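Asker: I'd like to ask some things about the structure below.
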């Protein structure tokens, strides 16, 4: 758990930031020189820090985009699987409609699980002697 800042300290920090923003570049440079800071090294350090922040932000955006693409691909796969499940249901319905002599147990396929449709179709094909699978 993070500690809460002292409200007095927060006001002091805010005032210091406002003071820095109010200073001109020449005033900031003069104050840094008084503190013994190498301006060229400081400038390079700030450039590197800025470039690093930009790269990190870019990486976050890239990761977000990759997640969005993965989510889209997953949704597309589900749509394709649903289509194939609908095709299996249509084949099962055609077999049932064409074979009124099937028992009720063989004809009742209303509460199937999507993963079971291929098995139901195979069972019905076996029961009816129809070879609905043209690939074999």
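The values are calculated or read from the model by the stated rules, or taken from the named source; none is laboratory data. Quick caveat, the model's predicted, so the values are computed rather than measured. Note that each Cβ is placed from the backbone with ideal geometry, even for glycine, and that neighbours are counted across all protein chains shown.
Asker: Can you tell me how many residues in segment 1-34 are modelled with pLDDT of 90 or more and outside any helix (DSSP H, G or I)?
Answerer: Of the residues in segment 1-34, 2 are modelled with pLDDT of 90 or more and outside any helix (DSSP H, G or I).
Asker: Run down 133, 123, 116 and say which single residue is surrounded by 10 or more Cβ atoms within 10 Å (Cβ to Cβ) and at pLDDT 75 or above. Before the answer, list the steps.
Answerer: Values: 133 fails: at pLDDT 75 or above; 116 fails: at pLDDT 75 or above.
The unique qualifying residue is 123.
Asker: Sticking with this structure for a sec: Which numbered condition trips up residue 100, out of (1) modelled with pLDDT of 70 or more; (2) surrounded by 10 or more Cβ atoms within 10 Å (Cβ to Cβ)?
Answerer: Every condition holds for residue 100 apart from (2).
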